[in-house]
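Worksheet: one structure, shown below.
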Amino acid sequence: MKNILLSISLLLTISTHTFSQNGVLKGIIKDAFTNEPVPFANIVIANTTTGTTSDDLGKFEFTKLQPGFVQLQISSIGYTAKKTAEFRISNVRPNYVEITLESSTETLEEVKVKAAVYAVKAEAPVSLRRIGIGQIEKSAGSNRDISKVIQALPGVGSASTFRNDIFVRGGGPSENRFYLDGIEIPTINHFTTQGASGGPTGILNTDFIREVDFYSSAFPASKGNALSSVFEFKQIDVKDDKPSYKASLGASEMSFTTLAPIGEKTGLIASVRHSYLQFLFDALGLPFLPTFTDFQFKTKTRLNTKNEVSFLGVGALDRFKLNPEPDPSEENAFILGYLPVNNQWNYTLGSSWKHFFGNSYMTFVLSRNHLKNTAYKYQDNIEIPENLLSDYSSDEIENKFRFEYTTRPNNYTINVGGGLEQVGYYNDTYLKTFRNNQPVVIDYESDLNFVKWSTFGSVSHPFFDKRLTLAAGIRMDANNYSGDMNNLLQQISPRASASYRLLPKLFVNANVGRYYQNPAYTTMGYSRNDVLVNKENGLKYIHADHLVGGIELRPNTSTRITFEGFFKQYNDYPFSVKDSVSLASKGGDFGVFGDEEVTPTSTGEAFGFEFLFRTQTEKGLNLMAAYTYVRSEFSDYKDELIPSSWDSRHLFTLTLNQSFKRNWDLGLKWRYVGGLPYTPYDYNKSTLIEAWDVNNQQYLNYALFNTERLEPFHQLDIRIDKTYNFDKWTLGFYLDIQNVYNKQADQPATLIQGRDENGKALIDPNDPNRYALKELNTTSGTVLPTIGLMVEF
């Protein structure tokens, strides 16, 4: 605490004088469907009297701006007025934005009406939320990790304080999909759980994220393979006459980013980040030493007004080793006993070409992603052949192509398209385990190659002077993995939405839809005796039917209040043969998810309601309060519904960001997560020497699956930012304190070996075939201060 106070004192003693107010914002206003410039549009910086007009080429420029966050209000005759998300103004780096307007039949008087800042889309009048760069960069408790920032969104829960496994409205971590500028990014976390989406630390660089659109239902027809959520991350625009650079130093990593023009028509953003967690963990005496490196880049080339081409890439290299000399404790010895050595690398490379016609445009997207995952474990960590307990190596490779055609005839917005994917999955598994009261060895290889294809379309249109808006869409998916999946007509995903304006500021909204998701490749590729077991068991696409309805109040352009009820019905979910539980409750831990025999026989449901209040004020306050009540249940071996592992019941998040004079910012986040169900251990099985020696940790009693429940958890995070703006460079500090009042989160009790004074495992004196195990009760959570330094030049 003394170091924290010293850091705050240091910030206070530095002069708070603003050295520079030379921020410049350049941009262009374009028609959303023709890409032609919109001349003579009125552009005003929100909550100010500062304004300008676009020239005959649609270009505009603001000068002598105070660095910070701004929003723009744009209006033009023949177009729907628009209020943008926030843009960050720097006096160092290029500040360039491209803003699109949609044509409208509004009169000049109607154009003057201020537009709302929050995301509103015809196909998603419910379950769509947007967060902007201000919340992303200054989010308390996230330590500039976008995977933690999104946990503040309504309906989003997390299974632990130290991982980014997110569950949305009662659905598991494997049910979410992520897109970066329209290109799917399967892996957004370091040390990811293969087959799901979680991990301890995010990969994406928050410096490049302009805004995030989050769908918890009402998914766009063009975005498939999701059951619970779709995240669309949108990156900043770059195009100016000078490069800029930024170096950041945080508690666990350092990073370097650049934004620069690389030609008259091309802009570049790029970053690289490297962690030094292994030194921190070693100093703390922890039993494992992780380290990671990641990269991210994007280029955008504006060939002419009719053609734009973008390239992007994201990747990570994750290394993990055991600490041979951790602090001596029972818990550290236990962790060293079972934890494997895990190494991963992954990348996504993609390109998109957008071609504009008279009143429409075509988008072509081509991408490739590859995840390499290896893990091994030796008894007592002595690496000799006879001690090998597990050895796992796997590759997941996807080559994807998608095209979309978007047009707007007579105020009907139409989007149609299709996709094609080539999948390669390779697996080499050796595993000693204990089943049916005896040790067994699982040893198999898989070499799986198949093709997936899809087609989709949607249409929306306002009626009765925009009082009623209707939207409908359909999607079909198939693959040639098996006869149970190769018919498009068996995976038809219809959806429909409606929004009706009851009063000028009160709306009634609804959506209904069916969504399909491909099972995890680890499940599809599980093999025994060179036979794809789950293919023989009739593995199918998983599907979920969604029904959402609610009301929305918009008191003003900067405030939104919503209340939504939701219901999700799951069918054909994979059901674990060995554990007799639905895979819907798995995937929230390190390792591999889904590599086991299953049958497509599990059903489930999730239902509840959600309340959201959001507001932004002229004085720099950004406030969001969200409460979700959710029940999540899936069938057991008796075909009865029981709580899933994501049945948190109550979720509440309060997020506050406040900007002050002289470039001070305060962020606050308070989260409450209801206690999650868990499964107690099987003491009788765990104490067997033959069973323990191949697993080195307790076995769960699946006959009592999720019959216990943890205590609720809540946490307060606070962040303070201070920025100094000089003529040619910027210096920023932040202090981020997680879990301010040191709330301890309960963890399920675990069994560990009792040991004598020489460290030898104790045998049960009443049964020489069993170890003498004892219970270890632990908690997670600690006050975690982080001091960060950022230099931009």
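The values are calculated or read from the model by the stated rules, or taken from the named source; none is laboratory data. All values derive from a computational prediction rather than experimental measurement. Because the Cβ atoms are built from the backbone with ideal geometry, glycine has one as well, and the counts that use them run over all protein chains shown. Ligands, DNA and RNA are excluded from the accessible area calculation, which covers all protein heavy atoms including side chains. Shrake-Rupley method; radii C 1.70, N 1.55, O 1.52, S 1.80 Å.
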Just to be sure I understand the curve: with the Debye formula and one point per C-alpha of the stretch 245-351, what is log10 I(q)/I(0) at q = 0.22, 0.23 Å⁻¹? -1.12, -1.16
Taking just the alpha carbons, could you work out the radius of gyration and Dmax for the chain, both in angstroms? 26.9, 91
In Hz, Karplus ³J(HN,Hα) per residue of the stretch 601-607 (6.51, -1.76, 1.60; θ = phi - 60°; x = Gly, Pro): 10, 8, 10, x, 8, 9, 8
For the stretch 217-280, rounded, prolate or oblate, judged on the Cα gyration tensor with a ≥ b ≥ c (square roots of eigenvalues), a/c < 1.5 rounded, else prolate if a/b > b/c? oblate
Quick one: what does P(r) look like for the stretch 663-793 with 5 Å bins over all Cα pairs, in whole %? 2, 9, 13, 12, 11, 9, 9, 9, 7, 6, 5, 4, 2, 1, 0, 0
Acute angle (nearest 10 degrees) that the helix 2-13 long axis makes with the longest principal axis of the chain, alpha-carbon atoms: 10
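As an exercise, find the ratio Rg/Rh for the stretch 488-619 from alpha-carbon atoms, using the Kirkwood inverse-distance average for Rh.
Values: Rg = 20.5 Å, Rh = 17.7 Å.
For the stretch 488-619, the value is 1.15.
Could you report the stretch 342-426's accessible area per residue, 1.4 Å probe, as an integer in Å²? Write out the running numbers ahead of the final one.
Working: 3770 Å² over 85 residues.
The answer is 44 Å² per residue.
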Would you kindly calculate the mean projected area, averaged across all directions, of the convex hull enclosing the Cα atoms of the stretch 652-724, in square nanometres? 8.2
Mean ellipticity per residue at 222 nm, deg cm²/dmol - from DSSP H runs of n ≥ 4 across the chain, formula -39500 (n - 2.57): -1500 deg cm²/dmol
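For the peptides 431-438, 448-455, 224-231, what is the packing order when you average, over each peptide's residues, the other Cβ atoms within 10 Å and list the highest mean first?
Details: 431-438: 12.8, 448-455: 17.0, 224-231: 24.5.
Highest mean packing first, the order is 224-231, 448-455, 431-438.
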With the Cα gyration tensor of the stretch 443-552 giving a ≥ b ≥ c as the square roots of its eigenvalues, does the rule (a/c under 1.5 for rounded; else a/b larger than b/c for prolate; else oblate) give rounded, prolate or oblate? prolate
Starting at the first residue of the stretch 435-447, write each ³J(HN,Hα) from the Karplus equation 6.51 cos²θ - 1.76 cosθ + 1.60 with θ = phi - 60°, in whole Hz, x for Gly and Pro. 9, 6, 6, 7, x, 9, 10, 9, 9, 8, 10, 10, 9
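Of all trypsin sites (Lys or Arg not before Pro) in the stretch 566-601, which ones are in loop regions per DSSP and have a Cβ with at most 14 other Cβ atoms within 10 Å? Before the final figure, lay out the partial values.
Details: sites: 568, 578, 586; in loops: 578, 586.
Those that pass, being in a loop and sparsely packed, are 578.
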Can you list residues whose amide H is under 5 Å from residue 124's amide H, if they're 5+ apart or on another chain and H is modeled 1.01 Å from N? none
Starting from the Cα gyration tensor of the stretch 178-266, take the square roots of the eigenvalues, sort them a ≥ b ≥ c, and report rounded, prolate or oblate (rounded when a/c is under 1.5, otherwise prolate if a/b is larger than b/c, else oblate). oblate
Given the C-alpha centroids of the stretch 438-471 and the stretch 248-289, what is the distance between them in whole angstrom? 33
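What accessible area per residue comes out for the stretch 710-793, rounded to a whole number of Å², with a 1.4 Å probe?
Numbers: 4250 Å² over 84 residues.
Ligands and nucleic acids excluded, the result is 51 Å² per residue.
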Relative to a virtual label point 7 Å from the Cα of residue 631 in the Cα→beta-carbon direction, which members of the stretch 669-709 show backbone nitrogen distances below 20 Å? 673-678, 705-709
If you average the sequence gap of Cα pairs under 8 Å that are 6 or more apart and divide by the length of the chain, what percent do you get for the contact order? 11
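Strictly greater than 27 Å: what percent of every Cα pair in the stretch 187-322 meets that? Write out the running numbers ahead of the final one.
Numbers: 3229 of 9180 pairs.
Result for the distance tail: 35 percent.
I'd like to compare 371-384, 174-187: which one has the highest average count of other Cβ atoms within 10 Å, and what's the full order after that? Numbers along the way, then the final one.
Working: 371-384: 16.1, 174-187: 22.4.
Peptide ranking by packing, descending: 174-187, 371-384.
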